[in-house]
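Read through the structure below, which is laid out as structure tokens, and then see the notes.
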Amino acid sequence: MMKKIYLLLRISALAFLTLIISQSVAFAQEEATEDTIIETPKERPVRPAFESGLLFDAATTTLQPSKTLEMIIQHRFGIIDFDDNNTDFLGIWGVSNIRIGMNYSILDNLTVGIGATKFNKMEDLQVKYRVIQQTRSNSIPVTVVLYGVAGIDGSADTKWEDSYKFSNRLSYFTQAIVSRRFNDKFSLQFAPGFTHYNAVDSAYNHDRISLSFAGRYKFTPQGSFIFSADFPLDIEGIKDYKKVDATATVYDRPNICVGFEIATSTHAFHIYLANAQGILPQEDIMWNKNDFFKGQFLIGLNITRLWNF
Amino acid sequence: MKNTFKLAAIICVAIMFVTANMAMAQKAGGPWTVPAKYKAMKSTVKAGDASINTVGKETYNKHCKSCHGAKGLGDGPKAANLKTSTGDFSAAKFQAQSDGDIYYQSFIGRDEMPNFEKKILDEADRWAVVMYMRAMKK
């Protein structure tokens, strides 16, 4: 199974690179014509690859201009159970997870954020820094962003039994996100990530490497089809690697999201199907056991709101 | 006696209704004072440029349509809640203004008309919106 996933990832990465290279050639010619018409000599960055800095539970390479405050509400209903006897209504009456967060752009290329999530009483600190930005002349073909999340599990001390220390509560997620806006409608991003939990049950690993993909296809000026997938990788070479016992629950399912986005001047709305119920990326990459293709998915909703100062 | 109270109550409600409606009526915005720096600006996007119906249209629909309406007639769904009329972009009076006048009113703004400099960052993208509004001329 893992071999198949590796193969799929390799093929996807190769296809992504081929797309970027082939687009670079075609794009350069198009832009030369546009530049002569509008007579703008200096290098111009492309419009953002995504409408919002948030895509489901993932970060995108989009950053808001400096002195922008963004409020985020992320909501995930319970897992839809197709069992005939179940009295739940599409997971809406089930146990749901919710996060509220605020992001603030200190600089045009630096955003910091805080948030609180219902599951595990997680509080989080986030930082996002844009290293390079794709240009219209295609002199820089991609945008690269570094993204980090530190999570603090707010559960009662007894969760860690006698060995409790504050540092047990901490978990980290870091990611390098590479995106390309191919044209006005289509954008893709690819993001290798690293997750670390300071304290885990003895059967599990502290660290995990993941690969994430996301994209959008805009079909109206405000409406887009959006998708993302996080693949947790089981790499034996990783430090202190431990094969999870066959009797223990295995948390290694990819986190897949598909949905629609409506973007207005100050808002982005997402309505989607997803299979992981965590909201912070480290939770979804480390602890997801729901299989999207076995019908174990849920309905999710996001709302973002921007204020410029 | 009972009927007198009823009559008084009806008259009170009627007066409240009429005055509330009067207060709700939109005023036309006063004349704009456009600084010379903006007034002298000329669009870098020429009429007929391909970006007008792509970038201009997309940006207008995202940021402007909800108040100004799809055709610039001032009939967007949010327009009714404003105190000031949003004007009519298809009218000769609007179209007679210079590029710089329209640029200033559109992106710098005043009062209920928000500033869009941080929402539409690129200069040429802004001009594509101005030219898209120019194309709304009747």
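Considering the range B:93-138 alone, what residues qualify as being touching a residue at least 40 places away in the same chain (Cβ under 8 Å) and more than 29 Å from residue A:66 (Cβ to Cβ)?
Correct list: B:95, B:98, B:134, B:135, B:136, B:137, B:138.
Can you tell me how many residues within the range A:54-79 are over 22 Å from residue A:94 (Cβ atoms), away from chain B (no Cβ under 14 Å) and touching a Leu at 6+ places or on another chain (Cβ under 9 Å)?
First pass over the range A:54-79, keeping only residues over 22 Å from residue A:94 (Cβ atoms): A:54-55, A:58-72.
Subset that is away from chain B (no Cβ under 14 Å): A:54-55, A:58-61, A:71-72.
Going one step further and asking which of them are touching a Leu at 6+ places or on another chain (Cβ under 9 Å), we end up with A:60, A:71-72.
Looking only at that region, the number is 3.
Does the range B:100-122 hold any residues that are in a helix (DSSP H, G or I), crowded, with 17+ Cβ neighbours inside 10 Å and within 14 Å of chain A (Cβ to nearest Cβ), and which are they?
Those that are in a helix (DSSP H, G or I), crowded, with 17+ Cβ neighbours inside 10 Å and within 14 Å of chain A (Cβ to nearest Cβ): B:106, B:107.
Right, residue A:220: of a type in the set (S, T, N, Q), within 14 Å of chain B (Cβ to nearest Cβ) and free of Cβ contacts under 8 Å to residues at least 24 places away in the same chain or not?
Details: of a type in the set (S, T, N, Q): yes; within 14 Å of chain B (Cβ to nearest Cβ): yes; free of Cβ contacts under 8 Å to residues at least 24 places away in the same chain: yes.
Against the criterion (of a type in the set (S, T, N, Q), within 14 Å of chain B (Cβ to nearest Cβ) and free of Cβ contacts under 8 Å to residues at least 24 places away in the same chain), residue A:220 qualifies.
Looking at (1) over 10 Å from the mean Cα position of the chain (by Cα); (2) within 14 Å of another protein chain (Cβ to nearest Cβ); (3) not hydrophobic (A, V, I, L, M, F, W, C), which one does residue B:76 not meet, given that it meets all the others?
It is condition (1) that residue B:76 fails.
Is there any pair with a first residue in the range B:44-68 that is facing another protein chain (nearest Cβ under 7 Å) and within 14 Å of residue A:265 (Cα to Cα) and a second that is assigned to a helix (DSSP H, G or I) and at pLDDT 90 or above whose Cβ atoms are under 7 Å apart and which are 6 or more apart or on different chains, and what are they?
Every condition considered, the pairs that remain are B:57/B:132.
The values are calculated or read from the model by the stated rules, or taken from the named source; none is laboratory data. Here the structure is a predicted model, which means the values were calculated and not measured. Cβ coordinates were reconstructed from backbone atoms using ideal geometry, including for glycine residues, and neighbour counts include every protein chain displayed.
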